[in-house]
Amino acid sequence: MHNILKLSLALLLAGTTAHAQQLTIEAGKPTATIQPTMWGIFFEDINFAADGGLYAELVKNRSFEFLHPMMGWKTSGKEGSMLIENRYQTHPENPRFATIRVNGSFGIVNEGFRGMGVRQGEQYDFSMLARQADGAPMRVSVYLVNEKNEKIGGATLNKIGYDWKTHRVTFICSQTAEKAKLEILFDGNGVIQADMISLFPQQTWKERPGGLRKDLVQKLADLKPGFVRFPGGCIVEGKDLANRYQWKTTVGDLQQRKVIMNRWNVEFAHRNAPDYFQSFGLGFYEYFQLAEDLGAAPLPILNCGMACQFNSSEVVPLDELDPYIQDALDLIEFANGGENTKWGKLRAEMGHPAPFGLKHLGIGNEQWDRQYFERYQQFEKILKEKHPEILLISGTGPYSDGKMFDDAWAALRKTKADLVDEHYYKHPDWFLRNAKRYDTYDREGAKIFAGEYAAHDKEQPAAESRNSWFSALAEACFMTGLERNADIVHMASYAPLLAHVEAWQWRPDLIWFNNLTSICTPNYYVQQLFSNNTGKQVISILQDGKVIAGEDSLYASATIDREAGKLFVKLVNSAAQPKKIDLRIKGVSAQQEVISTTLHAADLMAYNTIQEPQKVYPEKGMLTGKRGELSLELGAATLQVLEIPVKR
Ligand code: AHR
């Protein structure tokens, strides 16, 4: 028997009822209002999610600022040399550049992020900050080359002058390649100095130059997220304070965004990624813009004066916390301030005169213990005084229960935190057992932000394999409990969001990609089915007068949007046998034609891959009921979402 099936035997075997189970919906008596922020996304630059992923730059180490300045670069030919010069005392933000001395023909080659994904017929924008430092003007050409080193597109730059200037050229690519490289060829006799060497596809999200990967943003848009949490995650904390995430170094001129090592570079010995750095081409301005594009609330998380507690015990002394709190105040000004303010002006200069409408701010990521609460309170005191309109989010640390978790809640209850962030990375069984988690939570005080969760199934070799159907099914069961408790659960996000199949550090993840394509996991489809079928109010769905949260392996939640005239029902069967369901809808006039979407796989361990992206895929159909009544068979191991038209 299948391992996973064995593991969850108790739960799965319970559901063998032959007669129909009677479920009643009371549509006339809403039990909670659902926040527009209910289902959101958690973005962290982990697994090459930003550089090498969402940020469409194809050149790795474009400004030679990696620890090893030549990482990602090689030279070609013998008639020249390449040297990296470092002017860190005069240009601390972007100190290095390349000096290329040529006597004949000489090239430099960039390998990209595990290669460069390029497409036949598409245009590519090359740019390079350069000057001719010595000798006669040289001919400078750029080429894309495929895996066989054949040229598949290119162009020649205009003459490089004696002053630093950004030189640009656009060319078309003649062949699709997943692992192309960029070659810059210098012909002549002289010296050229170069920095910020960049190649972008023109086809980015909203065709923005230097923008984001279109297929990935489209997948985010299709989730219709209520919020975008950024930039993490542990990346906010840094391994040490010097390498914490500092939003101010990620905005303004690209050349001034100081590159640092990504904390996931060396986090896991078995998944080392020595070439993982943060260029911050995707910085705070771009995150706000992304949230706006997606119609989602921006939710930045800021460092609270503490480095990652798993890595170091480094904290800033309490009496030196002011610059950190000032960063928070300045961020609010950057997002919401007028053009006449210092940071609002920068936002306007970057292209967004209108405010971004920031309403939420997270203080610290996954911190714990007294050192966190003391620091959080200092932030809270000043932020609540100066910006009472901003909802503050505080955290409970890495665990979903236990002493550390209880201590956190005890301490946070005494604060004015608006939302408390809980994290749970657990075995699927935990999700099956915990659908009632919030039924008994305190209804007063801070609301819940289920800020990071994912069911962690068995490890298998294929990158995408941990995103099994079983893990997604378990999450669906649990999410019915989040939805039922929407009076206190105001935000929830699966984590992490994105992962490169060849460069991941953490799994499971919601969306997998390589250099050319991306796929949705079963977990993605669960998220999508919830977020795209959310009413405005929760209504009760009961069996024998009780909530349906795992008894007999059945889980259910129901919501209504009266204005839109739609009632949504989510039914999840975690059993190995199908169930007959009779649904009675009271308190509203329900129509007969029902849209039904089912997500199911016969094999609980099934997962989607780049090669087979639709092994687990939602199927749409129609069901016909009588007025106010619907009978259906809910398949084994199935999530079924019903959209029932109701009279307004
Ligand atoms: O999502 C991956 C990591 O899990 C996050 O960075 C951190 O907050 C949590 O431990």
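Under 5 Å from the amide H of Phe42 lie the amide H atoms of Arg229, Tyr494, each residue being 5 or more positions distant or on a separate chain, with H modelled from the backbone and absent for Pro and chain starts.
To the nearest 500 deg cm²/dmol, what mean residue ellipticity at 222 nm is calculated for the chain from DSSP H runs of n ≥ 4 alone, each contributing -39,500 (n - 2.57), summed and divided by the residues? Write down the numbers at each step before the final one.
On the way: 11 runs with 112 residues, N = 648.
When only DSSP H runs of four or more count, the value is -5000 deg cm²/dmol.
Distance between the 7 Å Cα→Cβ label points at Lys29 and Ala564: 2.6 nm. For the pair Lys414 and Lys647, what calculated FRET efficiency results from E = 1/(1 + (r/R0)^6), where r is the Cβ-Cβ distance and R0 = 41 Å, to the nearest 0.05? It comes out at approximately 0.30.
Tell me which of Ala462, Gln89, Ala328 sits at the most positive position along the dipole axis of the chain, charges placed on C-beta atoms (Lys, Arg +1; Asp, Glu -1). Positive-most Cα among the choices belongs to Ala462. Only Lys, Arg, Asp and Glu carry charge here, each on its Cβ (+1 for the first two, -1 for the last two); on that basis region 479-608 has a dipole of about 300 debye about its Cα centre. Alpha-carbon geometry of region 549-648: the Rg and the Dmax are 14.7, 47 Å, given in that order.
Select from region 104-171 those chymotrypsin sites (Phe, Trp or Tyr not before Pro) which occupy a DSSP coil region and have at most 11 other Cβ atoms within 10 Å, ordered by residue number. Walk me through the numbers on the way to the answer.
Working: sites: Phe106, Phe113, Tyr124, Phe126, Tyr143, Tyr162, Trp164, Phe171; in loops: Phe113, Tyr162, Trp164.
Those that pass, being in a loop and sparsely packed, are Tyr162.
Each of Thr517, Thr37 was scored by other Cβ atoms within 10 Å of its Cβ. Listed from fewest to most, they are Thr517, Thr37.
Could you work out the mean projected area of the convex hull around the alpha carbons of region 361-453, in square nanometres to one decimal? Mind dumping the intermediate values first?
Values: hull surface 23.7 nm².
Directional mean of the projected Cα hull area for region 361-453 stands at 5.9 nm².
Between region 437-472 and region 490-565, what is the C-alpha centre distance in whole Å? Between the Cα centres of region 437-472 and region 490-565 lies a distance of 10 Å. Going by neighbour counts of Cβ atoms within 10 Å, the residues His423, His68 line up, fewest first, as His68, His423. With contacts taken as Cα pairs under 8 Å and at least 6 residues apart, region 179-288 reaches a relative contact order of 15 percent. Our compactness index for region 148-283, the C-alpha radius of gyration over the empirical 2.2 N^0.38 Å, is 1.31. The distance between label points at Lys159 and Gln22 comes to 9.1 nm (points 7 Å beyond Cα on the Cα→Cβ vector).
Just want to confirm a number: the relative contact order over the chain, from Cα pairs under 8 angstrom separated by 6+ residues, in percent.
Values: 1657 pairs, mean separation 109.6, N = 648.
In percent, rounded to a whole number, it is 17.
Mean projection of the Cα convex hull over all viewing directions, computed for the chain: 30.1 nm².
On full extension of the chain, what length is gained from Asp125 through Asn340, given 0.36 nm per residue of separation minus the C-alpha to C-alpha distance?
Contour length minus the Cα-Cα distance gives 74.0 nm.
Any chance you could give the angle, 0 to 90 degrees and rounded to 10, that helix 322-336 forms with the longest Cα principal axis of the chain? Relative to the chain, helix 322-336 is tipped by roughly 80 degrees. Each Cα pair under 8 Å and six or more residues apart adds its separation to the average, and for region 433-549 the resulting relative contact order is 28 percent.
Length gained on full extension, Glu147 to Leu329, computed as 0.36 nm times the residue gap minus the Cα-Cα distance: 60.6 nm.
All of the numbers you see were taken from the coordinates with simple rules; none came from a lab. This structure is a prediction, so every number in the text was calculated from the model and none was measured. No Cβ is skipped: glycine too gets one built from the backbone with ideal geometry, and neighbour counts run over all protein chains shown.
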